[in-house]
Amino acid sequence: MKYLCLGYYNKEKMDALPTEEVEGIMLECQTHIKNLYSSSNVLMDVGISQEVHRLKRVNGEIQTESGMPNQLEKVIGSAFILEAENMDKAIQIASLHPTVQVKRGEQLGWEIEIFAIDSFDLKE
C-alpha cells in the first residue's frame, strides 16, 4: 500500500529565525533524509514552494487565485510518498523523516500527516 506524507511547519516561528540558524537546521536534516531514503520505501520526496495557485469552479467557470496557502499558522514544507505493508509500518518509516527527528522541529511546529492512498498511477 502507498501513503502520502505531508510535513508541516509553523511559518511564523521559522520566519523569525536568522538565516544562519535555518541553514544549520536544514543541514541537520540531511542525515535524517539519508536514513529515510535508505529504507528504500520512499517512492517520491518533494519540497514545496510557499506560493500557491488555487483552481475552483465558480458559476460554471474555472477561476484561479494565487498567493499564500490558506492555512497561515502551519504550511506544508514537504511531501513524500512511501510504500509499506500497513499504516503501522508507514508510521515507522515516516518517523525517520527530519520533521520528527530534528529536536528543534518541536519548537518550530513541525509535524507529519500520513494518508493512505486509495489510487496511485505514475505516468511515464
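The values are calculated or read from the model by the stated rules, or taken from the named source; none is laboratory data. Predicted model, so just to flag it, every value in this text is computed and none were measured. Cβ sites come from the backbone with ideal geometry, for glycine too, and all protein chains shown count toward neighbours. These area figures cover heavy atoms from the full protein model, side chains too; ligands, DNA and RNA do not enter into them. Shrake-Rupley method; radii C 1.70, N 1.55, O 1.52, S 1.80 Å.
With a requirement of 2 or more residues that are under 30 Å from residue 93 (Cβ atoms) and modelled with pLDDT under 90, the strands (runs of 3 or more DSSP E) lying completely within region 1-73 that satisfy it span 42-47. The residue pairs whose first member lies in region 1-26 and is at negative phi, whose second member is among the polar types (S, T, N, Q) and not in a strand (DSSP E or B), and whose beta carbons are closer than 6 Å, counting only pairs six or more residues apart or on different chains, are 7/99. Within region 27-42, the set of residues being open to solvent by less than 80 Å² (accessible area, probe 1.4 Å) and either among the aliphatic types (A, V, I, L, M) or farther than 17 Å from residue 102 by Cβ (or both) comprises 33, 36, 39, 41, 42.
When region 96-117 is limited to residues that are open to solvent by less than 50 Å² (accessible area, probe 1.4 Å) and either assigned to a helix (DSSP H, G or I) or without any contact (Cβ under 8 Å) to a residue 12 or more places away in the chain (or both), the one that is nearest to residue 76 (Cα to Cα) turns out to be 99.
Exactly one residue out of 51, 73 is in contact (Cβ under 8 Å) with a residue 24 or more places away in the chain, over 30 Å from residue 1 (Cα atoms) and either touching a His at 6+ places or on another chain (Cβ under 8 Å) or not aliphatic (A, V, I, L, M) (or both), and it is 73. Of the numbered criteria (1) closer than 16 Å to residue 106 by Cα; (2) among the polar types (S, T, N, Q); (3) open to solvent by 100 Å² or more (accessible area, probe 1.4 Å), the one residue 59 fails is (1). Considering the conditions (1) out of contact with any helix residue (DSSP H, G or I) (no Cβ under 7 Å at 6 or more places or on another chain); (2) within 24 Å of residue 122 (Cβ to Cβ), residue 23 is excluded by exactly one of them, (2).
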